[in-house]
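The values are calculated or read from the model by the stated rules, or taken from the named source; none is laboratory data. The shown structure was predicted, so the numbers you read here are calculated from the model rather than taken from an experiment. FYI the Cβ positions are ideal-geometry reconstructions off the backbone, even for glycines, and counts take in every protein chain you see. Just so you know, the surface numbers come from the protein's heavy atoms only, side chains and all, with ligands and any DNA or RNA stripped out. Shrake-Rupley method; radii C 1.70, N 1.55, O 1.52, S 1.80 Å.
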Amino acid sequence: MVPSGAGGEGRMNVPGRLLSVSTRLFAERGFDRTSVQEIVEAAGVTKGAMYHYFDSKDDLLYEIYGRILREQTERLEKLAATEAPVGERLASAASDVVVSSIANLDDTKIFLQSMHQLNPEKQRAVRAERRRYHERFRALVEEGQRSGEFRADQPADLVVDFFFGAVHHLGFWYSPQGALSAQQVGDHFADLLLNSLRPG
């Protein structure tokens, strides 16, 4: 994911610069109060260059989050496909999504705050992509429940919804200057999830 913020924007390729600038401007002014003209001026490109890569401002917002979600999905698929015990795979997946969300915290927070401003088609596309990720994550919980490694008296979909509710809340409290690193938070989240699933 292209880091947000002004630093290094001039050294990025055009799409990366547009995404970085958009993230910064959306954070400062809000999605609805940022114009395409402001974006291209801050990125140092023409509108024609922007429209070569993105059809609209909606596409920029969609891609800010879409790139994170695609990367997270690829990593989840790799983690889930290993031969490790299901508990280890789920813990790795849980920690990974926390660490990668924190690495892109501004981008994720901006998107979650502004998603309702996307056109309905893009909102549906985002929900479908996120649902696919959650379903793959839930499949690990269900695998552990079938094998007896996890308790089966808790609905897997509720376990996953509860976990991701906490993940999506990270942007409201996590600070890089805080006492815990991203990896430490990820490991704690993974422990909390696994502890909730272990048979009593």
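Points to keep in mind about this one:
- Accessible area of the chain divided out per residue, in Å², using a probe of 1.4 angstrom: 51 Å²
- Remark: the chain is approximated by an ellipsoid whose semi-axes, taken from the C-alpha gyration tensor as √(5λ), come to 35, 17, 14 Å, largest first.
- Here's the picture: charge each Lys and Arg Cβ at +1 and each Asp and Glu Cβ at -1 in the range 59-141, and of Leu118, Ala94, Thr108 the one pushed furthest to the positive end of that dipole is Leu118.
- Top positive-direction residue, dipole computed over the range 135-178 with Cβ charges, set Gln154, Gln177, Ala139: Gln177
- Under 21 Å of direct C-alpha separation, and excluding same-chain neighbours fewer than eight residues apart, Lys109 reaches these lysines: Lys57, Lys122.
- Accessible surface of the chain, 1.4 Å probe, proportion on carbon and sulfur as whole %: 51 percent
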